[in-house]
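Some notes on the structure that comes next.
Quick note: the coordinates plus some simple rules give every number you see, no bench work behind them. These figures come from a predicted structure and were not determined experimentally. Note: ideal-geometry Cβ built from the backbone for every residue, glycine included; neighbour counts use all protein chains shown.
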Amino acid sequence: MVKGLYLLDTGVLVQLIWLALFILLITGLYQRIQLKLWILELKTKLSVIKSILEEDKQKVRNILHGLGSSNPEVLINRITEAFFIEPVEIEPTDIIKRLDHLIRVYENHTRSIVAEALPKLSKHERSLIESSLAIVAALNYMYKIVRHYILIGEKENNYILIMQLQYLMPQILKIVQTYHEALTPFTQGMPIGDSVGPLIAYMLAEKGEVRSRRVVDDTSVFEVFYKERRILLVKAEGPGSNVGHPGAVINKLVEELRGAVDLIVTIDAALKLEGEEVGSVAEGYGAAIGDPGPEKIAIERAAAKYNIPLRAIVIKMDLRDAITVMKKEVFEAAERTLLYLEKLIEEHTKPNATVIVACIGNTIGVPG
């Protein structure tokens, strides 16, 4: 009798559970509960992003105060809240020239703001502050975007939007943490993974016979005699945080030589695919440079105008490797890349040839 009642109660309980689940599903209550849980979790992760942002802001604020800035908060707000409007694309005529102009206006204005606030610092020291502020600006932008979509999703009960954000949040947090870690090398002037190109230029200059050096548009140009070839070595002027304007400089060099260039080689860091090893080296064709367009197209136009072979060598790494302190694997890849470069030059040119080697990347921590 007791056993029968037990089985009856169990059966009723199972039926009640199924009924409750049916009501949750048919009324959409389950979806609303799930939405609230996701929003709660997203807000928790948003607070993590905010704490990282505030920590980095405070770090930069302390640095600025220590360097003599009377009101670091104003400087931080001006840089982090600045925005960039891309040129009109519906009318493509001269879009590269307009984009290049806007980028340079943005760069020059940022530099002038920092120079006005910290007039006693050298050019290279100010560049570190500019890059540190750029990192804080990136974190600030990501925080505001994530907050915007969480609030929009909550306000409109947008299940799909919140679900997508929930699935993207681990990747967003990974990027935020990467930028957080990147602040240290930029405040201390330490080489990063993206400095591998300029590092290769420095290594090549040390192996060859440097005949001259000049600075054009924040970009160093070394004339090096190496492997019986005249090599025009192009890199951003160091050791500050600077990427220079290699495309414009290469175009100028080619025009000065009236097209008498036998080979152009670009060397740069490149984002690796999952499964590829950090520091793996690959060679290809075209201009290896990750800019919005003006620098890359300047190289391509110069090469196409005079029918100059354009080759590329890339060192693969992920975003974290690129903007944090240079790893051992990346440094060792720089040495291997020199061997690739030597082989490339010997295969495609003869003695007494003129070769332009553009070593692209942020030259932070790399002199020259």
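Per-structure values
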quantity	calculated
Rounded to the nearest 20 debye, dipole of region 193-359 from Cβ charges on Lys, Arg, Asp, Glu	460
Cα coordinate range in region 61-158, projected on the principal axes (Å, largest first)	50, 42, 16
Directionally averaged shadow of region 251-329, computed from the convex hull of its alpha-carbon atoms, nm²	6.0
Burial order of peptide ranges 156-163, 57-64 (average beta-carbon count within 10 Å, highest first)	57-64, 156-163
Förster radius 35 Å - calculated FRET efficiency between Glu116 and Glu255, Cβ distance, rounded to 0.05	0.50
Listed peptides 313-325, 290-302 by packing density, highest first (mean Cβ within 10 Å)	313-325, 290-302
Spin-label proximity, Arg211 to region 217-261 - amide N less than 18 Å from point 7 Å beyond Cα toward beta carbon	221-235, 253-261
Theoretical ellipticity at 222 nm over the chain - DSSP helices of four or more residues, -39500 (n - 2.57) apiece, nearest 500	-20500 deg cm²/dmol
Separation in nanometres of the label points that stand 7 Å from Cα toward Cβ, at Tyr106 and Val88	2.0
Inter-probe distance in nm under a simple model that places probes 7 Å from Cα toward Cβ, at Leu37 and Arg336	4.6
The chain: Cα Rg divided by the 2.2 N^0.38 Å rule of thumb	1.31
Under the span-like rule (Cα at least 24 Å along the axis, Kyte-Doolittle mean at least 1.6), DSSP H helices of the chain	2-27
Calculated over region 193-359: convex hull of Cα atoms, volume per residue (Å³)	106
For Asp318, distant residues with modelled amide H under 5 Å away	Lys272
